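Asker: Sharing a structure below in structure tokens format, with a few things to ask.
The values are calculated or read from the model by the stated rules, or taken from the named source; none is laboratory data. Computed from a predicted model, the values in this text were never measured in an experiment. Backbone-built Cβ (ideal geometry, glycine too); neighbour counts: all protein chains shown.
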Amino acid sequence: MISPALIWTIATNTVREAIRNKLLYVLLFFAIALILAGALLSSLSYVESERILQDIGLAAIRLFSVAIAIFVGVNLIHKEVDRRTVYTILSKPLSRTEFLLGKYLGLVLTIWMQMAVMVMAFAGVSLATGAPLTPTHAAAFFLTGIELALVVALATLFSSFTTPMLASFFSGGLWFVGHLTRDLRDLGAASDLETVQRLTALLHRVLPDLESFNLSIEAAHGLPVVASDLWLPLLYGGGYVAILLVAATALFGRRDFR
């Protein structure tokens, strides 16, 4: 029986461990620096300066949040194994599933906290420069948070059975490809070969469609969104995360730490 209390204990310990990681603060510093630099870059343009400012800010939040999720996340389990503290932890009345879910939840909370800092910096720069903030911005940040939870699940999956370097490579590669699956599907649909059409359609269904979480264009242009733009990606992301975590716990459960 999975204990939510034990998972929460591992999660809080993971948050404390993650916030001591210097890499997190380095990436957070560069993200905020790029958001602030967006004000300077946008001032060089006489046309759509507010859109340029917010495009840069939204891109910085997504890019650096994903970088933190991958490079910090893939090391969490590896550090426990490398320092052999995993033996002490798993010798207690704690299952491997609870351990892995706690690690995942802790990293998600850490990523969301650092994203909140970036969002505050973005809002501050926008207000200082007179750029508008609309409900669409809140929707964009919400979906970015869901995307990050999915990326953390990818990092957790790969770190459960491989080295941090390979886990980083696989997670980053899937994140990059995940933003291209729609283009891949559309290119395949335009092909005259039925095999190509089926293959690209299958890849679009199997690989994560991360563009479904991207409302940057709508936010930067102040375009409205409807409820389905939020709850459909939420259901999709939640289902994908569940599948990844089930696979991660299955692989981690078979891992030999000797």
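Asker: Determine, yes or no, whether L157 is among the hydrophobic types (A, V, I, L, M, F, W, C), part of a helix (DSSP H, G or I), surrounded by 24 or more Cβ atoms within 10 Å (Cβ to Cβ) and out of contact with any strand residue (DSSP E or B) (no Cβ under 8 Å at 6 or more places or on another chain).
Answerer: So L157 fits the description; yes.
Every residue, every condition in (1) without any contact (Cβ under 8 Å) to a residue 12 or more places away in the chain; (2) in contact with a Ser or Thr (Cβ under 6 Å, 6 or more places away or on another chain); (3) of a type in the set (V, I, T), yes or no:
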position	(1), (2), (3)
L133	yes, yes, no
T136	no, no, yes
E147	no, no, no
T156	no, no, yes
D183	yes, no, no
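Asker: OK, next. Any residue at all in the range 101-120 that is farther than 28 Å from V246 by Cα and more than 20 Å from the chain's Cα centre (by Cα)?
Answerer: no
Asker: If you check A131 against the conditions, is it crowded, with 21+ Cβ neighbours inside 10 Å and outside any helix (DSSP H, G or I)?
Answerer: yes
Asker: Inside the range 1-37, can you point out the residues that are at pLDDT below 80 and either in a helix (DSSP H, G or I) or within 30 Å of L223 (Cα to Cα) (or both)?
Answerer: Of everything in the range 1-37, nothing turns out to be at pLDDT below 80 and either in a helix (DSSP H, G or I) or within 30 Å of L223 (Cα to Cα) (or both).
Asker: Show me the helices (runs of 4 or more DSSP H) found entirely inside the range 180-258 where at least 3 residues are modelled with pLDDT of 90 or more and among the aromatic types (F, W, Y).
Answerer: Answer list for the range 180-258: 228-253.
Asker: For the range 226-254, which positions are in contact (Cβ under 8 Å) with a residue 60 or more places away in the chain and more than 22 Å from V151 (Cβ to Cβ)?
Answerer: G253
Asker: Please go through the range 147-191 and pick out each residue that is under 22 Å from D229 (Cα atoms), of a type in the set (A, V, I, L, M, F, W, C) and more than 13 Å from the chain's Cα centre (by Cα).
Answerer: V177, L180, L184
Asker: Would you mind telling me which numbered condition in (1) more than 23 Å from F158 (Cα to Cα); (2) free of Cβ contacts under 8 Å to residues at least 24 places away in the same chain; (3) surrounded by fewer than 18 Cβ atoms within 10 Å (Cβ to Cβ) T200 fails?
Answerer: With (1) more than 23 Å from F158 (Cα to Cα); (2) free of Cβ contacts under 8 Å to residues at least 24 places away in the same chain; (3) surrounded by fewer than 18 Cβ atoms within 10 Å (Cβ to Cβ) applied to T200, the lone miss is (3).
Asker: Regarding V152, is this residue more than 27 Å from R20 (Cα to Cα), modelled with pLDDT of 90 or more and part of a helix (DSSP H, G or I)?
Answerer: So V152 fails the test.
Asker: With (1) buried (at least 21 other Cβ atoms within 10 Å of the Cβ); (2) assigned to a helix (DSSP H, G or I); (3) modelled with pLDDT under 90; (4) of a type in the set (G, A, S) as the list, and S126 as the residue in question, which single condition is left unmet?
Answerer: (1)
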